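The values are calculated or read from the model by the stated rules, or taken from the named source; none is laboratory data. Remember, it's a predicted structure, so these values are computed and weren't measured experimentally. Because the Cβ atoms are built from the backbone with ideal geometry, glycine has one as well, and the counts that use them run over all protein chains shown.
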Amino acid sequence: MENATRESRGPGGAGNLDQEMARIAVRRLSLTDFRSYPFVRLETDSRPVVLTGPNGAGKTNLLEALSYLVPGRGLRRAPLSEVGRVDAKGANDGGGPRAWAVAARIERGGTEMDVGTGYLQNGAENERARRVIKLDGAPAKNQAELGRQISAQWLTPQMDRLFLEGPSARRRFIDRLILGFDPDHAGPLNAYEQSLRNRNRLLRDGASDQDWFNSVEDSLASHGVAVAVRRRDAIARLGPLAARGLGPFPGAIISLGGALEDWLAAGPALAAEDQMRQALSVSRQKDAAANGTSIGPHRSDVLVSHSDAGLEAARCSTGEQKALLVSIVFAAAQLQAEDRGHSPLLLLDEVAAHLDDTRRDALFELVGELGAQAWMTGTDEAVFEALGDAAQRFRIDNGRVTPVD
Ligand SMILES: Nc1ncnc2c1ncn2[C@@H]1O[C@H](COP(=O)(O)OP(=O)(O)OP(=O)(O)O)[C@@H](O)[C@H]1O
Ligand SMILES: [Mg+2]
């Protein structure tokens with residue numbers, strides 16, 4: 001199907017994609033014991049979806065459920081054991097893990113697929129929480145398998161602070177964008193994190209076995225450089241698209257900063273790997289004292305600035321920062337549509353917040369042009385009027401989800 005999709009594409013990329021073939025769309029969704037929902041099920045067509053309702057109705061919960069249809073820790077990055085529903089009396093909140101499930105029928109490139117995921121409480125009490133994933137009823141080997149089938153990008157009110165806070169959220173943001181068009185980025189990322197945990201454990205335990213350190217640092221350096229190279233290559237492709245801007249959304253100039261990035265800019269990857277290995281080796285004492293590894297792609301930063309004003313994003317206005325995020329996310333979605341033949345699910349929580357009328361309507365147009373199934377939430381239905389028949393609407397009230405004619 002992938003090939004058929006690719007062959008149906010015209011020469012100009014996303015704009016010429018056959019719209020019916022070109023998106024990932026949820027056609028049916030059900031949640032069981034997920035956050036505020038004991039059970040809910042909705043049927044959707046492949047158009048964008050608008051969810052409106054009062055504060056606390058369960059709009060973000062629904063987007064969060066969708067975010068578990070792709071690899072990673074979900075849109076709220078919550079511990080899996082906290083996602084399960086606590087009933088009104090707190091009766092099932094005995095402190096133990098609470099099971100929950102999300103099931104969806106997904107349409108992609110003319111075929112349909114069932115995806116199920118959730119958290120089951122049949123493991124030993126102190127076993128690391130694991131997400132169960134099933135594709136068409138069969139257990140998936142790992143999350144990467146899921147990532148090769150489905151992808152999603154999201155914008156949430158929490159991300160309004162992305163440029164103001166520390167670099168870790170920006171790294172996660174950029175890695176998630178990259179996973180959209182390069183699902184295999186997950187491999188080196190996970191391997192790197194595993195090596196990092198190993199080294200940090202040695203540091204914490206005050207280990208003195210040099211061979212052990214050398215071997216852990218060997219893999220840390222090779223996975224670390226692999227992550228940094230993938231990020232650099234991805235930004236080299238995403239950067240020009242994001243820098244163009246989209247209508248009233250300003251161009252976003254993206255760059256990566258850090259010691260490893262400097263080494264990679266100055267010489268070949270193998271040399272950077274040597275430099276990283278050396279740096280790790282001489283920093284053991286310092287890192288043990290500081291309780292963590294001080295060098296590597298987990299210390300890099302993602303720098304963004306406004307292409308017109310030249311200002312770094314942190315100094316732009318709240319609305320401008322949101323507009324920069326829109327430019328970046330849509331650039332990544334376009335790149336994915338070109339690379340993989342389909343645009344991702346877009347989860348746009350409180351999408352109108354901080355955007356003026358012009359930008360809000362332009363955003364709806366972008367969603368239409370991309371042909372993506374965007375799930376958009378808000379408290380005010382009037383905000384979405386401009387979408388007309390281009391979107392389907394649901395009203396959420398007290399955990400009840402009702403289609404609006
Ligand atoms: N594990 C849980 N069990 C039961 N209820 C939960 C759980 N976690 C969160 N909730 C509840 O879910 C409700 C809905 O939250 P949600 O964030 O989806 O609201 P919302 O519609 O997005 O509201 P807003 O417009 O304020 O963003 C909240 O009242 C919250 O207390
Ligand atoms: Mg919300």
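Consider the stretch 19-48. How many of its residues are out of contact with any helix residue (DSSP H, G or I) (no Cβ under 7 Å at 6 or more places or on another chain) and within 11 Å of I396 (Cβ to Cβ)?
2
Report the residue count in the stretch 375-389 for those that are out of contact with any helix residue (DSSP H, G or I) (no Cβ under 6 Å at 6 or more places or on another chain) and away from ligand 2 (no atom under 16 Å from the Cβ).
So the count comes out to 4.
Condition (residue is touching a residue at least 40 places away in the same chain (Cβ under 8 Å) and farther than 21 Å from A391 by Cβ) applied to the stretch 343-362: is it met by at least one residue?
No - not one qualifying residue is present in the stretch 343-362.
Can you name the residue in the stretch 154-186 that is part of a helix (DSSP H, G or I) and acidic (D, E) and is also modelled with the lowest pLDDT among such residues? Full working, then the answer.
Filtering the stretch 154-186 for residues part of a helix (DSSP H, G or I) gives 157-161, 167-181, 183-186.
If we keep only those that are acidic (D, E) as well, we get 160, 175, 184.
Values: D160: 93, D175: 96, D184: 90.
Among residues in the stretch 154-186 that are part of a helix (DSSP H, G or I) and acidic (D, E), the one modelled with the lowest pLDDT is D184.
Determine whether E350 is at pLDDT below 95 and among the acidic types (D, E).
no
Tell me yes or no: at least one residue of the stretch 338-358 is assigned to a helix (DSSP H, G or I), over 25 Å from I178 (Cβ atoms) and not hydrophobic (A, V, I, L, M, F, W, C).
yes
Counting only residues that are buried (at least 20 other Cβ atoms within 10 Å of the Cβ), in contact (Cβ under 8 Å) with a residue 60 or more places away in the chain and not hydrophobic (A, V, I, L, M, F, W, C), how many does the stretch 184-211 have?
Of the residues in the stretch 184-211, 2 are buried (at least 20 other Cβ atoms within 10 Å of the Cβ), in contact (Cβ under 8 Å) with a residue 60 or more places away in the chain and not hydrophobic (A, V, I, L, M, F, W, C).
Show the residue pairs that are 6+ apart or on different chains and have beta-carbon atoms under 7 Å apart, the first residue being within the stretch 159-172 and in contact (Cβ under 8 Å) with a residue 40 or more places away in the chain, the second being charged (D, E, K, R).
Going by the 7 Å Cβ cut-off, the qualifying pairs are D160/K322; L162/R170; P167/D301; R170/D301.
Given the stretch 224-323, what helices (runs of 4 or more DSSP H) lie entirely inside it while holding 2 or more residues that are among the β-branched types (V, I, T)?
none
Does any residue in the stretch 385-405 that is in the same structural domain as A372 (by TED's automatic domain parsing) and farther than 14 Å from A57 by Cβ come within less than 7 Å, Cβ to Cβ, of a residue that is more than 16 Å from ligand 1 (Cβ to nearest atom) and among the small types (G, A, S) six or more places away or on a different chain, and which pairs are these?
A390/G368
Can you work out which of the residues in the stretch 46-55 that are within 23 Å of the chain's Cα centre (by Cα) and surrounded by fewer than 21 Cβ atoms within 10 Å (Cβ to Cβ) is farthest from ligand 1 (Cβ to nearest atom)?
Of everything passing the filter in the stretch 46-55, S46 is farthest from ligand 1 (Cβ to nearest atom).
Return yes when T358 is more than 25 Å from P38 (Cα to Cα), more than 16 Å from ligand 2 (Cβ to nearest atom), of a type in the set (S, T, Y) and assigned by TED's automatic domain parsing to the domain that holds Y37 and no when it is not.
yes
Can you pull out the residues in the stretch 164-183 that are crowded, with 22+ Cβ neighbours inside 10 Å and more than 22 Å from G147 (Cα to Cα)?
Once the filter is applied, which keeps residues that are crowded, with 22+ Cβ neighbours inside 10 Å and more than 22 Å from G147 (Cα to Cα), the stretch 164-183 yields nothing.
Among the residues of the stretch 28-59, which ones are under 19 Å from A382 (Cα atoms) and not small (G, A, S)?
Scanning the stretch 28-59 gives R47, P48, V49, V50, L51, T52, P54, N55, K59.
Just need a number here: residues in the stretch 375-397 that are not hydroxyl-bearing (S, T, Y) and not in a helix (DSSP H, G or I).
First, the residues of the stretch 375-397 that are not hydroxyl-bearing (S, T, Y): 375-376, 378, 380-397.
Add one more test, that the residue is not in a helix (DSSP H, G or I), and what stays is 375-376, 378, 380, 391-397.
Of the residues in the stretch 375-397, 11 are not hydroxyl-bearing (S, T, Y) and not in a helix (DSSP H, G or I).
Of the residues in the stretch 18-76, how many are more than 16 Å from ligand 2 (Cβ to nearest atom) and in a loop (DSSP other than H, G, I, E, B)?
The total comes to 16.
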